[in-house]
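The values are calculated or read from the model by the stated rules, or taken from the named source; none is laboratory data. Predicted model, so just to flag it, every value in this text is computed and none were measured. Because the Cβ atoms are built from the backbone with ideal geometry, glycine has one as well, and the counts that use them run over all protein chains shown. What goes into the accessible areas is simple: the full protein's heavy atoms, side chains included, and nothing from ligands, DNA or RNA. Shrake-Rupley method; radii C 1.70, N 1.55, O 1.52, S 1.80 Å.
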Amino acid sequence: MKNSKIVGIGHCVPPGIVKNADLEEMMNTSDAWIQERTGIKERRWAKFGEETVASMAVDASKKAIANAGMEVKDIDFIVVATMSPDYQFPGVGTQIQDQLGLGYVGALDIRNQCSGFIYALSTADQFVKTGMYKNILVIGAEIHSHRLDKTPRGRAVSVIFGDGAAAVVLSACDEGEEGVLSTHLHSDGAYTEELMAKGPGNLVPPLPVIPNDPDFFPHMNGRAVFKHAVIRFSEVINEALKANGKQVEDIDMLIPHQANLRISQFIQRAMDLPEEKVFNNIMKYGNTTAASIPLALSEAVEEGRIKKGDLVCIAAFGSGFTWASSLIRWNF
Ligand code: UT7
(Lines give C-alpha, C1' and ligand atoms only; values in the text may rest on other atoms or scores of the structure.)
Protein backbone atom coordinates (compact mmCIF):
# COMPACT_ATOMS: atom_id res chain seq x y z
CA MET A 1 0.00 0.00 0.00
CA LYS A 2 1.10 3.57 -0.71
CA ASN A 3 1.26 6.48 1.73
CA SER A 4 0.37 10.08 0.94
CA LYS A 5 2.39 13.22 1.56
CA ILE A 6 1.83 16.93 0.99
CA VAL A 7 4.29 18.08 -1.68
CA GLY A 8 3.03 21.59 -2.44
CA ILE A 9 0.88 24.27 -0.81
CA GLY A 10 -0.52 27.70 -1.72
CA HIS A 11 -3.21 30.15 -0.73
CA CYS A 12 -5.25 33.05 -2.08
CA VAL A 13 -7.21 35.69 -0.19
CA PRO A 14 -9.27 38.50 -1.67
CA PRO A 15 -7.56 41.92 -1.53
CA GLY A 16 -10.51 43.60 0.24
CA ILE A 17 -9.54 44.13 3.89
CA VAL A 18 -12.43 44.76 6.29
CA LYS A 19 -11.26 46.09 9.66
CA ASN A 20 -13.32 45.81 12.84
CA ALA A 21 -13.87 49.57 12.71
CA ASP A 22 -15.58 49.10 9.31
CA LEU A 23 -18.19 46.88 11.01
CA GLU A 24 -18.91 49.24 13.89
CA GLU A 25 -21.61 51.28 12.17
CA MET A 26 -22.99 48.44 10.10
CA MET A 27 -23.60 46.10 13.03
CA ASN A 28 -23.56 48.09 16.26
CA THR A 29 -20.41 46.31 17.37
CA SER A 30 -16.99 47.53 18.49
CA ASP A 31 -13.36 46.80 17.72
CA ALA A 32 -12.85 46.23 21.47
CA TRP A 33 -15.64 43.59 21.70
CA ILE A 34 -14.45 41.71 18.62
CA GLN A 35 -10.79 41.66 19.67
CA GLU A 36 -11.55 40.75 23.27
CA ARG A 37 -13.94 37.88 22.43
CA THR A 38 -12.33 36.52 19.26
CA GLY A 39 -8.86 37.99 18.70
CA ILE A 40 -9.88 39.08 15.19
CA LYS A 41 -8.54 42.45 13.97
CA GLU A 42 -9.54 42.23 10.31
CA ARG A 43 -10.78 39.82 7.67
CA ARG A 44 -10.91 39.65 3.87
CA TRP A 45 -14.26 39.97 2.12
CA ALA A 46 -14.57 39.15 -1.57
CA LYS A 47 -15.96 41.76 -3.92
CA PHE A 48 -19.18 40.64 -5.59
CA GLY A 49 -18.56 40.05 -9.29
CA GLU A 50 -14.79 39.82 -8.84
CA GLU A 51 -13.57 36.90 -6.74
CA THR A 52 -15.50 33.63 -6.63
CA VAL A 53 -14.85 30.50 -4.60
CA ALA A 54 -13.72 28.80 -7.81
CA SER A 55 -11.41 31.64 -8.86
CA MET A 56 -9.70 31.79 -5.45
CA ALA A 57 -9.44 27.99 -5.32
CA VAL A 58 -7.88 27.95 -8.80
CA ASP A 59 -5.35 30.63 -7.83
CA ALA A 60 -4.42 28.73 -4.64
CA SER A 61 -4.22 25.46 -6.59
CA LYS A 62 -1.88 26.92 -9.22
CA LYS A 63 0.43 28.12 -6.44
CA ALA A 64 0.32 24.69 -4.74
CA ILE A 65 1.08 22.91 -8.04
CA ALA A 66 4.00 25.28 -8.76
CA ASN A 67 5.24 24.86 -5.19
CA ALA A 68 5.23 21.09 -5.78
CA GLY A 69 7.31 21.59 -8.95
CA MET A 70 4.48 20.02 -10.97
CA GLU A 71 2.27 20.99 -13.86
CA VAL A 72 -1.51 21.14 -13.89
CA LYS A 73 -1.64 18.02 -16.09
CA ASP A 74 0.02 15.98 -13.30
CA ILE A 75 -3.12 16.27 -11.14
CA ASP A 76 -5.44 13.27 -11.42
CA PHE A 77 -8.24 14.15 -8.95
CA ILE A 78 -9.74 17.10 -7.06
CA VAL A 79 -11.26 17.09 -3.59
CA VAL A 80 -12.61 20.45 -2.49
CA ALA A 81 -14.12 21.35 0.88
CA THR A 82 -16.53 24.28 0.97
CA MET A 83 -19.82 25.24 2.57
CA SER A 84 -20.21 28.22 0.25
CA PRO A 85 -20.06 26.95 -3.35
CA ASP A 86 -20.63 29.48 -6.14
CA TYR A 87 -23.84 27.70 -7.22
CA GLN A 88 -26.56 26.04 -5.15
CA PHE A 89 -25.64 23.09 -7.38
CA PRO A 90 -23.44 21.72 -8.87
CA GLY A 91 -20.57 21.70 -6.42
CA VAL A 92 -17.59 23.96 -7.06
CA GLY A 93 -15.16 21.12 -7.89
CA THR A 94 -16.29 20.99 -11.50
CA GLN A 95 -15.67 24.71 -12.03
CA ILE A 96 -12.21 24.34 -10.53
CA GLN A 97 -11.52 21.45 -12.94
CA ASP A 98 -12.69 23.56 -15.87
CA GLN A 99 -10.90 26.78 -14.88
CA LEU A 100 -7.64 24.89 -14.30
CA GLY A 101 -8.03 23.36 -17.76
CA LEU A 102 -7.63 19.99 -16.11
CA GLY A 103 -8.67 17.25 -18.56
CA TYR A 104 -11.74 15.40 -17.39
CA VAL A 105 -10.47 14.39 -13.97
CA GLY A 106 -13.01 13.69 -11.25
CA ALA A 107 -13.96 16.42 -8.78
CA LEU A 108 -15.47 15.71 -5.39
CA ASP A 109 -17.12 18.31 -3.13
CA ILE A 110 -16.98 17.78 0.63
CA ARG A 111 -19.47 19.52 2.96
CA ASN A 112 -18.13 19.28 6.46
CA GLN A 113 -17.83 22.97 7.28
CA CYS A 114 -14.95 23.77 9.67
CA SER A 115 -13.73 20.17 9.59
CA GLY A 116 -14.07 20.10 5.80
CA PHE A 117 -10.39 20.32 4.96
CA ILE A 118 -9.45 17.40 7.23
CA TYR A 119 -12.34 15.34 5.85
CA ALA A 120 -11.08 16.21 2.34
CA LEU A 121 -7.49 15.32 3.23
CA SER A 122 -8.62 12.04 4.74
CA THR A 123 -10.68 11.19 1.64
CA ALA A 124 -7.78 12.01 -0.68
CA ASP A 125 -5.41 10.00 1.55
CA GLN A 126 -7.58 6.89 1.08
CA PHE A 127 -7.58 7.30 -2.72
CA VAL A 128 -3.78 7.60 -2.71
CA LYS A 129 -3.32 4.65 -0.33
CA THR A 130 -5.33 2.32 -2.54
CA GLY A 131 -3.33 3.43 -5.58
CA MET A 132 -6.35 4.87 -7.41
CA TYR A 133 -4.83 8.37 -7.77
CA LYS A 134 -1.27 9.70 -7.53
CA ASN A 135 -1.49 13.50 -7.26
CA ILE A 136 -4.66 14.96 -5.76
CA LEU A 137 -5.49 18.63 -5.28
CA VAL A 138 -7.04 19.06 -1.83
CA ILE A 139 -8.64 22.46 -1.44
CA GLY A 140 -10.50 24.47 1.20
CA ALA A 141 -12.26 27.60 -0.08
CA GLU A 142 -15.03 29.88 1.16
CA ILE A 143 -16.84 33.12 0.46
CA HIS A 144 -18.94 33.77 3.54
CA SER A 145 -19.25 37.51 3.21
CA HIS A 146 -22.11 37.49 0.65
CA ARG A 147 -24.31 35.41 2.97
CA LEU A 148 -23.90 37.18 6.30
CA ASP A 149 -26.56 39.22 8.09
CA LYS A 150 -24.70 42.55 8.17
CA THR A 151 -27.19 44.23 10.50
CA PRO A 152 -27.08 44.38 14.32
CA ARG A 153 -29.29 41.23 14.32
CA GLY A 154 -26.44 39.19 12.84
CA ARG A 155 -23.47 40.75 14.63
CA ALA A 156 -22.63 37.76 16.88
CA VAL A 157 -21.95 35.65 13.79
CA SER A 158 -21.05 38.11 11.06
CA VAL A 159 -18.04 39.75 12.72
CA ILE A 160 -16.30 36.37 12.84
CA PHE A 161 -16.31 35.14 9.25
CA GLY A 162 -13.95 35.88 6.38
CA ASP A 163 -13.19 34.67 2.87
CA GLY A 164 -10.20 32.82 1.46
CA ALA A 165 -8.86 29.68 -0.17
CA ALA A 166 -5.87 27.37 0.11
CA ALA A 167 -4.79 24.15 -1.54
CA VAL A 168 -2.28 21.35 -1.17
CA VAL A 169 -1.04 18.73 -3.60
CA LEU A 170 -1.21 15.31 -1.98
CA SER A 171 1.02 12.75 -3.69
CA ALA A 172 1.74 9.08 -3.38
CA CYS A 173 4.90 7.98 -1.63
CA ASP A 174 6.21 4.65 -0.46
CA GLU A 175 4.96 3.22 2.79
CA GLY A 176 7.18 4.25 5.67
CA GLU A 177 8.10 7.52 3.95
CA GLU A 178 5.63 9.16 6.32
CA GLY A 179 3.65 12.26 5.21
CA VAL A 180 0.04 11.88 6.43
CA LEU A 181 0.38 9.55 9.42
CA SER A 182 -3.32 9.28 10.25
CA THR A 183 -6.64 11.09 10.09
CA HIS A 184 -9.50 10.94 12.60
CA LEU A 185 -13.06 11.99 11.74
CA HIS A 186 -16.10 12.42 14.02
CA SER A 187 -19.62 13.84 13.99
CA ASP A 188 -22.61 14.36 16.28
CA GLY A 189 -25.75 15.48 14.47
CA ALA A 190 -27.63 15.98 17.74
CA TYR A 191 -26.18 19.50 17.64
CA THR A 192 -27.07 20.34 14.03
CA GLU A 193 -29.11 23.41 14.96
CA GLU A 194 -26.46 24.97 17.23
CA LEU A 195 -24.56 26.17 14.17
CA MET A 196 -26.32 26.15 10.80
CA ALA A 197 -28.13 28.02 8.04
CA LYS A 198 -31.56 26.47 7.47
CA GLY A 199 -32.20 27.81 4.02
CA PRO A 200 -32.23 27.10 1.21
CA GLY A 201 -33.26 23.64 2.34
CA ASN A 202 -36.18 21.30 2.88
CA LEU A 203 -37.09 22.54 6.35
CA VAL A 204 -37.94 26.07 5.25
CA PRO A 205 -41.08 26.88 3.30
CA PRO A 206 -40.70 26.63 -0.49
CA LEU A 207 -40.00 29.75 -2.55
CA PRO A 208 -40.51 32.67 -2.78
CA VAL A 209 -37.82 33.54 -0.23
CA ILE A 210 -38.78 36.33 2.16
CA PRO A 211 -36.10 39.06 1.93
CA ASN A 212 -33.88 39.07 5.01
CA ASP A 213 -35.45 35.89 6.36
CA PRO A 214 -33.17 34.93 9.29
CA ASP A 215 -33.44 31.26 8.24
CA PHE A 216 -31.20 32.10 5.29
CA PHE A 217 -28.39 33.52 7.42
CA PRO A 218 -26.03 31.49 9.62
CA HIS A 219 -27.23 30.94 13.17
CA MET A 220 -24.86 30.01 15.98
CA ASN A 221 -25.30 29.28 19.66
CA GLY A 222 -21.82 30.63 20.29
CA ARG A 223 -21.49 29.60 23.93
CA ALA A 224 -22.62 26.01 23.29
CA VAL A 225 -20.27 25.71 20.31
CA PHE A 226 -17.38 27.12 22.34
CA LYS A 227 -17.98 24.62 25.19
CA HIS A 228 -18.07 21.61 22.87
CA ALA A 229 -15.14 22.88 20.81
CA VAL A 230 -12.65 23.03 23.67
CA ILE A 231 -13.52 19.46 24.74
CA ARG A 232 -13.49 17.94 21.26
CA PHE A 233 -10.27 19.64 20.16
CA SER A 234 -8.28 18.15 23.03
CA GLU A 235 -9.93 14.74 22.58
CA VAL A 236 -9.26 14.48 18.87
CA ILE A 237 -5.66 15.73 19.16
CA ASN A 238 -5.00 13.11 21.86
CA GLU A 239 -6.63 10.48 19.65
CA ALA A 240 -4.18 11.28 16.83
CA LEU A 241 -1.20 11.21 19.21
CA LYS A 242 -2.26 7.87 20.70
CA ALA A 243 -2.83 6.30 17.27
CA ASN A 244 0.79 7.08 16.38
CA GLY A 245 2.42 6.37 19.73
CA LYS A 246 3.34 10.05 20.15
CA GLN A 247 3.24 12.45 23.09
CA VAL A 248 2.18 16.12 23.16
CA GLU A 249 5.90 17.06 23.40
CA ASP A 250 6.46 15.41 19.99
CA ILE A 251 4.25 18.00 18.25
CA ASP A 252 6.36 20.64 16.49
CA MET A 253 3.39 22.68 15.29
CA LEU A 254 -0.33 22.56 16.07
CA ILE A 255 -2.64 24.22 13.58
CA PRO A 256 -6.10 24.43 15.07
CA HIS A 257 -9.05 25.48 12.90
CA GLN A 258 -9.16 29.25 13.24
CA ALA A 259 -12.59 29.69 14.89
CA ASN A 260 -11.66 31.97 17.74
CA LEU A 261 -8.23 32.93 19.13
CA ARG A 262 -9.59 32.27 22.63
CA ILE A 263 -10.36 28.65 21.66
CA SER A 264 -6.82 28.19 20.25
CA GLN A 265 -5.31 29.68 23.43
CA PHE A 266 -7.52 27.47 25.60
CA ILE A 267 -6.33 24.33 23.73
CA GLN A 268 -2.72 25.46 23.94
CA ARG A 269 -2.98 25.81 27.72
CA ALA A 270 -5.05 22.63 28.17
CA MET A 271 -2.48 20.63 26.20
CA ASP A 272 0.44 22.38 27.89
CA LEU A 273 1.96 23.41 24.57
CA PRO A 274 4.34 26.38 24.37
CA GLU A 275 2.88 29.37 22.51
CA GLU A 276 5.38 29.07 19.63
CA LYS A 277 4.08 25.58 18.83
CA VAL A 278 0.59 26.82 17.96
CA PHE A 279 0.06 28.78 14.75
CA ASN A 280 -2.76 31.32 14.52
CA ASN A 281 -3.65 33.78 11.79
CA ILE A 282 -7.32 34.40 12.69
CA MET A 283 -6.27 37.95 13.64
CA LYS A 284 -5.86 38.75 9.92
CA TYR A 285 -8.49 36.55 8.29
CA GLY A 286 -11.28 35.75 10.76
CA ASN A 287 -12.84 32.31 10.50
CA THR A 288 -12.62 31.03 6.93
CA THR A 289 -14.17 27.63 7.77
CA ALA A 290 -12.86 24.94 5.36
CA ALA A 291 -10.07 27.26 4.18
CA SER A 292 -8.76 28.09 7.64
CA ILE A 293 -6.45 25.10 8.23
CA PRO A 294 -4.75 25.05 4.81
CA LEU A 295 -4.51 28.86 4.88
CA ALA A 296 -2.74 28.68 8.25
CA LEU A 297 -0.56 25.77 7.07
CA SER A 298 0.42 27.69 3.95
CA GLU A 299 1.39 30.81 5.91
CA ALA A 300 3.23 28.78 8.55
CA VAL A 301 5.31 27.08 5.81
CA GLU A 302 5.90 30.43 4.06
CA GLU A 303 7.09 32.02 7.33
CA GLY A 304 9.43 29.09 8.03
CA ARG A 305 7.46 28.09 11.13
CA ILE A 306 7.06 24.57 9.68
CA LYS A 307 10.12 22.79 8.32
CA LYS A 308 10.96 19.44 6.77
CA GLY A 309 10.75 16.67 9.35
CA ASP A 310 8.39 18.55 11.70
CA LEU A 311 5.47 16.71 13.25
CA VAL A 312 2.43 18.82 12.41
CA CYS A 313 -0.97 18.31 14.00
CA ILE A 314 -4.08 19.81 12.42
CA ALA A 315 -7.41 19.75 14.26
CA ALA A 316 -10.87 21.16 13.68
CA PHE A 317 -14.30 21.47 15.25
CA GLY A 318 -17.43 23.04 13.85
CA SER A 319 -20.91 22.87 12.42
CA GLY A 320 -22.55 19.45 12.30
CA PHE A 321 -21.11 19.09 14.88
CA THR A 322 -18.08 17.58 13.18
CA TRP A 323 -14.53 17.38 14.44
CA ALA A 324 -11.34 15.88 13.08
CA SER A 325 -7.57 15.73 13.34
CA SER A 326 -4.52 14.54 11.45
CA LEU A 327 -0.84 14.07 12.23
CA ILE A 328 1.53 14.84 9.37
CA ARG A 329 5.30 14.36 9.16
CA TRP A 330 6.11 17.42 7.06
CA ASN A 331 8.38 16.57 4.15
CA PHE A 332 9.56 19.78 2.49
O1 UT7 B 1 -16.01 27.74 13.26
C2 UT7 B 1 -17.12 27.13 13.78
C3 UT7 B 1 -17.03 26.98 15.23
N4 UT7 B 1 -17.34 28.23 15.87
C5 UT7 B 1 -16.87 28.48 17.07
O6 UT7 B 1 -16.11 27.68 17.59
C7 UT7 B 1 -17.32 29.74 17.76
C8 UT7 B 1 -17.54 29.47 19.22
N9 UT7 B 1 -18.12 30.60 19.95
C10 UT7 B 1 -17.49 31.78 20.10
O11 UT7 B 1 -16.40 31.97 19.57
C12 UT7 B 1 -18.13 32.85 20.97
O13 UT7 B 1 -19.25 32.29 21.60
C14 UT7 B 1 -18.56 34.13 20.18
C15 UT7 B 1 -17.33 34.91 19.80
C16 UT7 B 1 -19.35 33.74 18.96
C17 UT7 B 1 -19.44 35.02 21.06
O18 UT7 B 1 -18.75 35.36 22.25
P19 UT7 B 1 -19.47 35.20 23.67
O20 UT7 B 1 -18.50 35.65 24.67
O21 UT7 B 1 -19.95 33.77 23.77
O22 UT7 B 1 -20.66 36.22 23.56
P23 UT7 B 1 -22.24 36.00 23.70
O24 UT7 B 1 -22.79 35.47 22.42
O25 UT7 B 1 -22.56 35.24 24.94
O26 UT7 B 1 -22.74 37.47 23.89
C27 UT7 B 1 -22.31 38.28 25.00
C28 UT7 B 1 -22.84 39.69 24.83
C29 UT7 B 1 -24.33 39.73 24.54
O30 UT7 B 1 -24.84 40.90 25.18
P31 UT7 B 1 -25.57 40.82 26.60
O32 UT7 B 1 -26.72 39.88 26.41
O33 UT7 B 1 -24.55 40.26 27.54
O34 UT7 B 1 -25.95 42.23 26.87
C35 UT7 B 1 -24.42 39.92 23.06
O36 UT7 B 1 -25.59 40.58 22.64
O37 UT7 B 1 -22.21 40.30 23.70
C38 UT7 B 1 -23.21 40.79 22.79
N39 UT7 B 1 -22.69 40.64 21.44
C40 UT7 B 1 -22.00 41.61 20.82
N41 UT7 B 1 -21.65 42.85 21.20
C42 UT7 B 1 -20.92 43.57 20.33
C43 UT7 B 1 -22.77 39.55 20.63
N44 UT7 B 1 -22.13 39.82 19.48
C45 UT7 B 1 -21.63 41.08 19.57
C46 UT7 B 1 -20.88 41.89 18.72
N47 UT7 B 1 -20.55 43.12 19.14
N48 UT7 B 1 -20.46 41.46 17.52
Members of the stretch 60-74 found to be under 21 Å from the mean Cα position of the chain (by Cα) and within 20 Å of D109 (Cα to Cα), listed by number
A60, S61, K62, A64, I65
Within the stretch 247-270, residues of a type outside the set (G, A, S) and farther than 14 Å from I314 by Cβ come out as Q247, V248, E249, D250, N260, L261, R262, I263, Q265, F266, Q268, R269
I'd like to know if the stretch 61-77 contains one or more residues that are within 16 Å of the ligand (Cβ to nearest atom), in contact (Cβ under 8 Å) with a residue 40 or more places away in the chain and not hydroxyl-bearing (S, T, Y).
no
Of all residues in the stretch 279-307, count the ones that are part of a loop (DSSP other than H, G, I, E, B) and of a type in the set (S, T, Y).
1
Taking the stretch 245-272, which residues are open to solvent by less than 10 Å² (accessible area, probe 1.4 Å) and either of a type in the set (S, T, N, Q) or in contact with a Leu (Cβ under 9 Å, 6 or more places away or on another chain) (or both)?
I251, M253, L254, I255, Q258, S264, I267
Restricting to the stretch 6-57, count the residues that are over 16 Å from the mean Cα position of the chain (by Cα), farther than 23 Å from N280 by Cα and more than 16 Å from the ligand (Cβ to nearest atom).
7
Report whether or not R155 is among the basic types (K, R) and either farther than 30 Å from A46 by Cβ or touching a Ser or Thr at 6+ places or on another chain (Cβ under 6 Å) (or both).
yes
Please go through the stretch 215-231 and give me each residue that is assigned to a helix (DSSP H, G or I) and within 19 Å of the chain's Cα centre (by Cα), ordered by number.
G222, V225, F226, H228, A229, V230
Out of all the residues in the stretch 78-103, which are in a loop (DSSP other than H, G, I, E, B), more than 16 Å from the ligand (Cβ to nearest atom), open to solvent by 20 Å² or more (accessible area, probe 1.4 Å) and modelled with pLDDT of 95 or more?
P85, D86, Y87, F89, P90, G91, G101
Being closer than 17 Å to I328 by Cβ, open to solvent by less than 10 Å² (accessible area, probe 1.4 Å) and more than 18 Å from the chain's Cα centre (by Cα) narrows it down to one residue among A240, A172; which is it?
A240
Spot the failing condition for V312; the list is (1) out of contact with any Asp or Glu (no Cβ under 8 Å at 6 or more places or on another chain); (2) assigned to a strand (DSSP E or B), and only one is missed.
(1)
With respect to H184, is the statement that it is crowded, with 18+ Cβ neighbours inside 10 Å and more than 28 Å from Q95 (Cα to Cα) true?
yes
Checking A229 against (1) more than 16 Å from the ligand (Cβ to nearest atom); (2) more than 24 Å from V301 (Cα to Cα); (3) open to solvent by less than 30 Å² (accessible area, probe 1.4 Å); (4) modelled with pLDDT of 95 or more, the condition it does not meet:
(1)
Tally the residues that are open to solvent by 50 Å² or more (accessible area, probe 1.4 Å) and small (G, A, S), restricting the search to the stretch 192-220.
1
Note on the stretch 292-311: residues in contact with a helix residue (DSSP H, G or I) (Cβ under 9 Å, 6 or more places away or on another chain) and either β-branched (V, I, T) or open to solvent by 40 Å² or more (accessible area, probe 1.4 Å) (or both) are I293, V301, R305, I306, K307
Report, by residue number, each residue of the stretch 148-177 that is part of a strand (DSSP E or B), within 14 Å of the ligand (Cβ to nearest atom) and among the hydrophobic types (A, V, I, L, M, F, W, C).
F161
